[in-house]
There are 2 protein chains.
Amino acid sequence: MKITTIEWKNNAIKIIDQTKLPGKLEYLYIKDIKTLWHAIKVLKVRGAPALGAAAALGVFLALKNSKAVNFHEFKSELDKVISYIGSSRPTARNLFWGLERIRTVVLSNKTKPVSGLKKLIFEEAHKIIREDMISCRNIGRFGAKLVKKGYTILTVCNAGMLATIDYGTALGVIYRSQEEKKKIKVYACETRPLLQGARLTTWELSRKGIDVTLICDNMAATLMQQGKIDMVIAGADRIAANGDAANKIGTYSLAVLSRHHKIPFYIAAPKSTFDLSIKSGKYIPIEERDPGEIKELFFKEAMALPEVKVYNPAFDVTPHSLITAIISDKGIIKAPYQSNIKKILK
Amino acid sequence: MKITTIEWKNNAIKIIDQTKLPGKLEYLYIKDIKTLWHAIKVLKVRGAPALGAAAALGVFLALKNSKAVNFHEFKSELDKVISYIGSSRPTARNLFWGLERIRTVVLSNKTKPVSGLKKLIFEEAHKIIREDMISCRNIGRFGAKLVKKGYTILTVCNAGMLATIDYGTALGVIYRSQEEKKKIKVYACETRPLLQGARLTTWELSRKGIDVTLICDNMAATLMQQGKIDMVIAGADRIAANGDAANKIGTYSLAVLSRHHKIPFYIAAPKSTFDLSIKSGKYIPIEERDPGEIKELFFKEAMALPEVKVYNPAFDVTPHSLITAIISDKGIIKAPYQSNIKKILK
């Protein structure tokens, strides 16, 4: 059965409710923008590329019944909804990139009637979706060239079909390697606190018949010490102009461990994840989330006393110096990153 | 209120049921050896030094009503119970060390009547308990010399009062530093899969008014990157003759991360944790535990599909080359470890 992470269907945004996995494959039909905002906030839909599509479809959802009678009114509604959706989560570049794509289309068509603008927004959102599917396949194709037969690959969080429209970035490389019959094995870091690695990555990899083993995040170093890992591939939420990459918390740790054990460490991400307006990783906004995610074990049982303080950054930044290469949809990018990113993504 | 992790009381081994913390402070009175074996297996009592005491008291519990009429019969029962207790968990040196202390006392008193041997076992177990209390204080005293005013210390798992009789090894250093008014701060790694850092370390540190912040294991690298960690102190379950140290899974990862960030990394452990019969870390037996600990989130809810494989080593080995110093109860041990361990522990 073909599964799509996010699509427009029955006059609504249809998503897989990722908080229900792996127990249940449940779809939600989102019919208003507040529900979408909340779905993004609590990670019912997540993953940088998927958020780009969600944001773009979200603008259409919010404006499809707009009563605006002229461009000025419509533009004012557009600005409001873009700013609202943008307030859901701060780190993933694609969310803002998706919103900007929509804004640009509208601004470039000031003379169109409101009905025409709505149609353009709908089309642009679907262009983003189609492009993402192609991007992921390109990432897979470029990345698989780095994977040798019999490799064991370590990954973190979920940069798979559930983080994109349907193929994945880091996991796209894995899917493509499998299609090329490379007999790969995968170790998935569970990825505390929300366990996207356990809940989502092992779910989608086993569905595709890929040999996957689940570990706790603190076990990755031991596998490396034992010589069991040939390469690490992670996704990214935002990549700065110098190649520094923000990704799910724990990624930086894996990059340092990879360097110590002389294991290649790759970031896989489409062009839409790059933010060339940001000079380096230190300017990437890092979301801090609810302490309850750590303290209360999925809000079900207290794992620490209420008075205990918690630090819960959702992302970290891996400096480009620890990245062996970035697998983009336009090709493999190596150091020097600053110039090669510009050259390859132009 | 004075809390003791383990003691002999009301003709039973009285322990804190550590699986109930931090929700409930509940005591168990263990009256038979199978219950003790199970309590050790499921970590109701855990921590290398506490296991040494539990094992020694366990031998007394098993043999106090022995009907043996001569040394030979008693010795045969002793061997059986020692081997039984020793089968509970393989890694912690102190468990076997406690059992060997008891065996040695019995073997050195072959001419004593069975009643006298029972008494000697009881006394030896209490000697182990008293010695552990002194050891922890010595570790605290030596270790606190390494702690400067205002330091922020990162620790993993629980090497505190709950892992010993009442003061701790790694946390003993922290308690002593606090007594010396050094205004320290602590970050506690939650320590997946069983969350001893979240459930036990933050519990006992907050009880003592120490400023503690809980993080997920994969966040430690980020704190180091931000320059927030001045030193790392971990306990140990077994230390080989060359200084390689087995400790809770995740410790090795912290050691590598510390080296990368030029942060001193210390192991705190009493003499009883050293196993000079083992040449290096690669000969330390590493316990692998039930996949359910990772897959089922405390056996309450599936976090991965049943068919997903899991790798769940309970410990890892940190090579001595990554250890800045070992804080023992006999003094600080630095490289070259092989010779200095011999010299200081003699």
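Laboratory data are not the source of any read-out in this text; all were calculated from the coordinates shown. Since the model is a prediction, treat every value here as computed from it, not as a measurement. Don't worry about glycine lacking a Cβ; one is built from the backbone with ideal geometry, like all the others, and counts go over all protein chains shown.
Structure notes:
- Ignoring aspartates and glutamates fewer than eight residues from residue B:185 along the same chain, the ones with Cα atoms less than 18 angstrom from its Cα are A:307, B:204, B:211, B:217, B:230.
- For q = 0.05, 0.06, 0.07, 0.11 Å⁻¹, Debye-computed log10 I/I(0) when each Cα of the protein assembly as shown counts as one equal scatterer: -0.28, -0.39, -0.51, -1.06
- Counted over the protein assembly as shown, the DSSP beta bridges are approximately 45% antiparallel.
- In chain A, helical runs assigned H by DSSP with n ≥ 4 each contribute -39500 (n - 2.57); averaged across all residues and rounded to the nearest 500, the mean residue ellipticity at 222 nm is -12000 deg cm²/dmol.
- Peptide-level mean, for A:200-209, of C-beta atoms on other protein chains within 10 Å: 2
- Total formal charge among the other residues, if their Cβ is under 11 angstrom from that of residue A:346, Lys/Arg +1 and Asp/Glu -1: +4
- Across all directions, the average projected area of the convex hull around the alpha carbons of segment A:1-155 is 10.8 nm².
- Segment A:211-319: C-alpha gyration tensor shape, a/c 1.5 cut-off, then a/b vs b/c: oblate
- Taken over segment B:42-129, the percentage of Cα pairs per 10 Å bin, counting from 0 up to the bin with the maximum distance, is 19, 54, 23, 4.
- For residue B:66, net neighbour charge (Lys/Arg +1, Asp/Glu -1) across residues whose Cβ lies under 14 Å away: +3
- Nonlocal amide H pairs with residue B:192, under 5 Å, H built at 1.01 Å: B:217
- Selected from B:206, B:135, B:177 as most flexible by GNM, with chain B as the system and alpha-carbon contacts under 10 Å: B:206
- Each other residue within a Cβ distance under 11 Å of residue A:336 adds +1 if Lys or Arg and -1 if Asp or Glu, for a net charge of +3.
- Mean partner shielding of peptide B:254-264, defined as the number of other chain Cβ atoms within 10 Å of each residue Cβ, is 3.
- Compactness check for segment B:171-236: Cα Rg over 2.2 N^0.38 Å is 1.09.
- Of B:279/B:330; A:9/A:183; A:14/A:118; B:9/B:346, pairs whose Cα-Cα distance is over 26 Å: A:9/A:183; B:9/B:346
- Label point of residue B:10 (7 Å along Cα→beta-carbon): distances to the other copies' equivalent points are 6.0 nm, sorted ascending.
- Most mobile listed residue (A:138, A:70, A:94) in chain A, GNM with C-alpha springs under 10 Å: A:70
- Inter-centroid distance (Cα atoms) of segment B:216-237 relative to segment B:123-175, Å: 19 Å
- Nitroxide proxy distance, nm - points 7 Å out along Cα→Cβ at residue A:290 and residue A:72: 4.3 nm
- Rounded to whole numbers, the Karplus 3J(HN,Hα) couplings from phi for segment A:182-193 are 8, 6, 8, 10, 10, 9, 10, 6, 4, 6, 5, x Hz, using 6.51 cos²θ - 1.76 cosθ + 1.60 with θ = phi - 60°, and x at Gly and Pro.
- Gaussian network model of chain A, springs between alpha carbon atoms under 10 Å - residue of A:200, A:36, A:120 with greatest fluctuation: A:120
- Solution diffusion estimate, µm²/s, Stokes-Einstein, segment A:1-76, Kirkwood Rh from C-alpha pairs, 4 °C, viscosity 1.567 mPa s: 98 µm²/s
- Rounded to 5, percent antiparallel among DSSP beta bridges of segment B:110-234: 10 percent
- For the peptides B:227-235, B:46-54, the ranking by packing is B:46-54, B:227-235, with the highest mean count of neighbouring Cβ atoms within 10 Å listed first.
- Put simply, the Cα atoms of chain A extend 66, 51, 42 Å along their principal axes, the longest span coming first.
- Under a 5 Å amide H cut-off, with hydrogens placed 1.01 Å from N, residue A:214 pairs with A:188, B:309, B:310, B:311 among residues at least 5 apart or on other chains.
- For segment B:153-273, the convex hull spanned by the alpha carbon atoms encloses 99 Å³ per residue.
- Highest-first packing order for the peptide set B:153-164, B:334-345 is B:153-164, B:334-345, based on the mean count of other beta carbon atoms within 10 Å.
- Span-rule helices in chain B, defined as complete DSSP H runs reaching 20 Å or more along the axis (Cα) with Kyte mean at least 1.6: B:48-63
- Average other protein chain Cβ within 10 Å of Cβ, residues B:219-230: 5
- Distance between segment A:291-346 and segment B:1-65 - C-alpha centres, whole angstrom: 42 Å
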